[in-house]
Amino acid sequence: MMKVVILDDDKISREIIRSYINFTDFLILEAEFDNPIEAIKEIEKLDCDLIFLDIEMPEMSGIDFIEAAKNIPQVIIVSSKAEYAAESYNYDVTDYLVKPIEYKRFLKAVDRSRSIRESISLESPEDDKFIFVKTGNELVKLNFSSINYVEAFADYVQIHTADKRYTVLSTMKSIHAKLGEKDFLRVHRSFIVALNKIDGLKDNELEIGNKLIKVSRKYKKELKESLANRIY
């Protein structure tokens with residue numbers, strides 16, 4: 001089962017999405033909000049797997065909400081305009097639904113969300129971290145200590161170890177949530193790196209093995225802060 005939250009200032013839109021959730025046997029409506037300012041205080045406290053998020057709200061746009069909120073789960077954007085779709089994927093949204101939403105299209109989006117959730121599962125105690133990733137029909141165990149970096153790859157991510165790479169259906173947001181922010185850091189729209197695997201940092205690039213990874217301006221400050229207590 002997946003626990004779902006609706007955040008949309010349009011009453012009719014909320015009613016339609018609510019009816020679709022109630023009609024879908026693997027979804028449970030955890031909460032719904034019509035105001036993003038109020039929602040941002042509450043959503044982080046909720047144990048939810050997916051948010052249906054309106055992109056056009058007067059108090060705060062859906063994009064602003066994603067940037068402001070911490071540790072939010074998968075997001076499916078809901079909008080009356082298709083032109084925001086390209087920008088929204090910069091924020092690792094799972095899907096983008098254009099109003100009016102047909103149930104067939106809704107189901108396709110939530111099926112994708114469920115597949116992402118099932119593709120990466122955390123199955124480890126704090127001191128022995130590993131994940132199982134689904135590649136094709138196979139489940140592969142990956143120790144956190146073996147992961148060098150994660151790279152965005154179209155609708156998938158590629159998890160790179162020293163000698164292999166694994167292609168998994170996921171968003172960067174979802175895989176980062178599983179790996180955690182203590183030992184893994186987002187350094188670019190397309191890259192998450194293991195901090196203890198960084199071999200060097202110069203200007204706007206870091207080095208892991210023989211791989212050079214660009215560091216975007218957005219994440220450079222956080223990277224330097226994360227490395228500060230490791231520099232002697």
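The values are calculated or read from the model by the stated rules, or taken from the named source; none is laboratory data. In this text, all values refer to a predicted model and were calculated from it rather than measured experimentally. Here Cβ is always computed from backbone atoms with ideal geometry, including for glycine, and neighbour counts include all displayed protein chains. Keep in mind that these areas ignore ligands, DNA and RNA; they rest on the heavy atoms of the full protein, side chains included. Shrake-Rupley method; radii C 1.70, N 1.55, O 1.52, S 1.80 Å.
Condition first: under 19 Å from S174 (Cα atoms), acidic (D, E) and touching a residue at least 40 places away in the same chain (Cβ under 8 Å). Can you find one or more residues in region 52-73 that meet it?
Among the residues of region 52-73, not one is under 19 Å from S174 (Cα atoms), acidic (D, E) and touching a residue at least 40 places away in the same chain (Cβ under 8 Å), which makes the answer no.
Among the residues of region 99-114, is any small (G, A, S), under 25 Å from R189 (Cβ atoms) and in contact (Cβ under 8 Å) with a residue 24 or more places away in the chain?
Checked region 99-114: at least one residue is small (G, A, S), under 25 Å from R189 (Cβ atoms) and in contact (Cβ under 8 Å) with a residue 24 or more places away in the chain.
Would you check which residues across region 152-179 are buried (at least 20 other Cβ atoms within 10 Å of the Cβ) and assigned to a strand (DSSP E or B) and list them?
Selection gives V157, I159, H160, V168.
Among K141, K81, K104, which is touching a Phe, Trp or Tyr at 6+ places or on another chain (Cβ under 8 Å), at pLDDT 85 or above and surrounded by fewer than 13 Cβ atoms within 10 Å (Cβ to Cβ)?
Details: K81 fails: touching a Phe, Trp or Tyr at 6+ places or on another chain (Cβ under 8 Å); K104 fails: touching a Phe, Trp or Tyr at 6+ places or on another chain (Cβ under 8 Å).
K141 is the lone residue from the list that is touching a Phe, Trp or Tyr at 6+ places or on another chain (Cβ under 8 Å), at pLDDT 85 or above and surrounded by fewer than 13 Cβ atoms within 10 Å (Cβ to Cβ).
Suppose the filter is surrounded by fewer than 16 Cβ atoms within 10 Å (Cβ to Cβ) and not in a helix (DSSP H, G or I); does N71 pass it?
yes
Quick one: count up the residues across region 29-62 that are touching a helix residue (DSSP H, G or I) at 6+ places or on another chain (Cβ under 8 Å), farther than 17 Å from K99 by Cβ and either of a type outside the set (F, W, Y) or open to solvent by 50 Å² or more (accessible area, probe 1.4 Å) (or both).
9
Tally up the residues in region 144-190 that are in contact with a Leu (Cβ under 8 Å, 6 or more places away or on another chain) and modelled with pLDDT under 90, please.
Summing the residues that are in contact with a Leu (Cβ under 8 Å, 6 or more places away or on another chain) and modelled with pLDDT under 90 in region 144-190 gives 4.
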